[in-house]
Amino acid sequence: MHLKPAPCLPLIIGLTLASLFNRDLLAADPPWYQQVLVGIETGPTGAQFGHSDLNDTRYCRQFNGAEIVRQALACQAEYLVMWARDGDFAYYDSKILPKAPGLGTRDPLREAVDEAAKSNLPVIAYCVVQQAGHFLDAHPEWQMRDSQGHPLGRFCFNSGYLEALQEILAEQMAYGVHGFHIDMLDQGFGKPYGCWCDSCRNAFEKEYGVDMPSGLEWDASWEKMLEFRYQTSERFERSLHQFVKGLNPQVSVDFNYHGNPPFSLEVGQRPVQHAGNGDFITGETGVWGFSALTIGLNAAFYRAAVPHQRVQVAMQRGVRMYHDQTTRPLNDIRWELLTLLAHGAFVTIVDKTAFDGQLDSRAYERFTLVFEEARKKRAHFGQPAHAEVGIYFSSRTRDWIGRDQPQEYFQSFLGAHKALVYEHIPWGVVLDENLDLTNLKRFPIILLANTAILTDRESELLQRYVKEGGKLIVTGHSGQFDRLGKPLPHCRLQDLIGASVQTRLASQDNWFAFSEEDKVRLGKAAPNAFAALPTQSPVLVKGPASVFQADAAQAVGQLLRPFRTTRQQLGQENTDWPMSADQAVGPAILLNSYGAGQVLTFAGSPDYSTASEHHTVETRRLLRQAVRMLAPEPRIKITAPTNVEAIVTDDRQTRIMRVHLLGYNPPPQTIPSQNRPYALPALMEDRPLYRVQLELNFVPRKIHKLNASTLLEHQERSIRATIDDIHEAIVIEY
Ligand SMILES: [Zn+2]
């Protein structure tokens, strides 16, 4: 690492400051974030819930910037994100904010920057934006308001808070930090939505020439309100970015991103609109908030949202979440960190000190080991991803079909991802906001997972994609709703599907049934692709379903509606629990050729079903069989246990394909103290032992592995490996 600390700023604010720097001096160095792989974020524990005791001198008494840097260097972290400000306190000598009471005359940010300068360790200031606490209490005029005018306990991004935050950043910048990690640019994580403060009302009126809607209505006026909220967040981010760059263009700015599931409109972020407003994107992950499976999905989602930028993902040290002062077992930390690296991210482990500011040496022993492993494997991370299926994510469907229940839409997207990971079919994410034909054509197959709303532009691009040889898998109610989430008279995908929609089933507990004849019929289209078609009895395919009338398409199998008891028909009993299959109401699958391409439509939702509580293997495998029918000879076919995630990169320049294998191996969990049966997974202690088979459609030149313990055999295009570790990468030169 040859990084120079950014020059110090005098503690005054003014745009003329920019002229104090010799910009050329640093311009030749690549920015710190272009080359790093692993880093540490260190922050205190005790003020995270806000409104903490201003006079408690026990808090942060030993929170020592120099010691934090020494520990970060000892474990060979490549950068340090140093806690500088939260909703209550500054952790430096601020003229604007109260300082954490236990610090006395000490200044941890100064200590950290001075100590780090000896080793050229980049120090990034962690600065929170959205947290209730003493500063918000002192400035009620900047509070968000609900539609009745009640304060919401959050800062409004259209208020004078922007200027205050700029002053705060300028104070921190004066220490010579290399960058800012600006956290929590959210407008809340649930109802009630904001903001109806006077500043927002005036700005809205000026922009749209009408009054703000009086509340959530799901009509054209709320569309303006949503747009206004998104623009507010974007403007705020861009203003902060420009402000910092105006003072010193070498100082980086990144924002903690909340555009991916499970977040939705409440946060005030859209997947693409709010991804690229900093120098790189930062997101957080972890089993505690996102599930074990979506750790990789988050990284891929961020990469899709800002393809031109690097991606940082923050993960936590704690067993349950941040601040709990526990440390996960080594293999549990390894699995998450290496999964993120394999997906091309660089990774920050978030460490929280004890209440008095002490560091936990046990945690740093483990960080040392995982960082050492990451560095040894550095050459194998960051290559272009190889993906066979692009999973389509529609922000418009999120907002206008998901509305204030976005999980219902997310289930289809998440289930598609789950199915592809379990089936080891390389996947990527496609986002509606930055869609173009080149982006679509990166994927041999696009999966429209209940993409209920498609604009004219998206429909045209999808038509061209298929006409020119692309393959499409369609599920749920894709293409059947207008931009405000109202049903359309005709499905926008009618020509592509080769069938018209007769009706949509109101039920979720829908079923597919297939006969031996169906298997023969599908076999004609692609031998063996549907060899595992479930023909014995109907299978539950929980999720949205459509009744189609085939036109040009070939119809296969049956969609069955569920029985409803008499009490259910009378509305005296809910229909949450699945009921068995009743009559057939339409076909299950439609196959259609369109131009040089093909479209396979499921009348139901095997994707939603796979994410649901009533997932079955048979239903999930329908998706794999559909992929294999459309693409019988992919570049690579992977067979591995379902607890192993395979991440494939393909560097066409160096002609090296890498298959990263991540074995997820937690032991069984016991009864939780609350929310039974929703148990969090247990933590991984042991290394898994598993076999993998890879079939290539090209002849490799040379094959090797990273682990000495892996047993590797290969014959022409076939590779077998027996692996006994959390992570291995099979390196295939061609
Ligand atoms: Zn406001």
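The values are calculated or read from the model by the stated rules, or taken from the named source; none is laboratory data. Just so it is clear, the model here is predicted, and its values are computed rather than measured. Virtual Cβ from ideal backbone geometry, glycine too; neighbours counted across all protein chains shown.
Just a few scattered comments:
- Residue identified as farther than 27 Å from Arg635 by Cβ, of a type in the set (Ser, Thr, Tyr), surrounded by 19 or more Cβ atoms within 10 Å (Cβ to Cβ) and in contact (Cβ under 8 Å) with a residue 60 or more places away in the chain among Thr339, Thr353: Thr353
- Selection count, region 158-195, where residues are within 27 Å of Val123 (Cα to Cα) and not aliphatic (A, V, I, L, M): 14
- Meets criteria (within 30 Å of Tyr690 (Cα to Cα) and outside any helix (DSSP H, G or I)) for Val648: yes
- Some residue of region 219-228 being free of Cβ contacts under 8 Å to residues at least 12 places away in the same chain, closer than 18 Å to Arg145 by Cα and not charged (D, E, K, R): yes
- Flag if Ala611 is touching a strand residue (DSSP E or B) at 6+ places or on another chain (Cβ under 9 Å), touching a residue at least 12 places away in the same chain (Cβ under 8 Å) and surrounded by 15 or more Cβ atoms within 10 Å (Cβ to Cβ): no
- Qualifying residue in region 275-297 (condition: assigned by TED's automatic domain parsing to the domain that holds Arg154, surrounded by fewer than 23 Cβ atoms within 10 Å (Cβ to Cβ), within 16 Å of the ligand (Cβ to nearest atom) and not in a loop (DSSP other than H, G, I, E, B)): no
- Single residue of Val556, Val520, Val541 found to be among the β-branched types (Val, Ile, Thr) and more than 25 Å from Gln411 (Cβ to Cβ): Val520
- Wholly within region 99-212, helices (runs of 4 or more DSSP H) carrying at least 3 residues that are more than 16 Å from the ligand (Cβ to nearest atom), closer than 22 Å to Glu234 by Cα and not small (Gly, Ala, Ser): 161-173
- Screening Pro192 with (1) modelled with pLDDT of 95 or more; (2) surrounded by fewer than 18 Cβ atoms within 10 Å (Cβ to Cβ) gives one miss only, at (1).
- Condition met for Asp254 (part of a strand (DSSP E or B), among the charged types (D, E, K, R), in contact (Cβ under 8 Å) with a residue 12 or more places away in the chain and more than 16 Å from the ligand (Cβ to nearest atom)): yes
- Lone qualifier among Thr327, Thr348 - being β-branched (Val, Ile, Thr), part of a loop (DSSP other than H, G, I, E, B) and buried (at least 19 other Cβ atoms within 10 Å of the Cβ): Thr327
- Check on Ala132, of a type in the set (A, V, I, L, M) and touching a residue at least 24 places away in the same chain (Cβ under 8 Å): yes
- Count of region 525-571 residues which are in contact with a Ser or Thr (Cβ under 9 Å, 6 or more places away or on another chain) and of a type in the set (Phe, Trp, Tyr): 2
- If the condition is being touching a residue at least 12 places away in the same chain (Cβ under 8 Å) and charged (D, E, K, R), then region 373-404 contributes Glu373, Arg375, Lys377, Arg378, Glu388, Arg396, Arg398, Asp399, Arg403, Asp404.
- Residue ID - nearest to Glu613 (Cα to Cα), chosen from residues in region 485-517 that are acidic (Asp, Glu) and surrounded by 13 or more Cβ atoms within 10 Å (Cβ to Cβ): Asp509
- Test for Glu237: is it away from the ligand (no atom under 15 Å from the Cβ), touching a Phe, Trp or Tyr at 6+ places or on another chain (Cβ under 6 Å) and assigned to a helix (DSSP H, G or I): yes
- Count of residues meeting criterion [hydrophobic (A, V, I, L, M, F, W, C), in a loop (DSSP other than H, G, I, E, B) and surrounded by fewer than 13 Cβ atoms within 10 Å (Cβ to Cβ)] in region 690-721: 3
- Any chance Ser199 is over 27 Å from Pro108 (Cα atoms) and touching a residue at least 60 places away in the same chain (Cβ under 8 Å): no
- Looking across region 581-593, just one residue is surrounded by fewer than 20 Cβ atoms within 10 Å (Cβ to Cβ) and within 36 Å of the chain's Cα centre (by Cα), and that is Ser593.
- Condition met for Glu433 (of a type outside the set (A, V, I, L, M, F, W, C), out of contact with any strand residue (DSSP E or B) (no Cβ under 7 Å at 6 or more places or on another chain) and touching a residue at least 60 places away in the same chain (Cβ under 8 Å)): yes
- Residue in region 120-137 that is over 34 Å from the mean Cα position of the chain (by Cα), surrounded by fewer than 24 Cβ atoms within 10 Å (Cβ to Cβ) and not aliphatic (A, V, I, L, M) present: no
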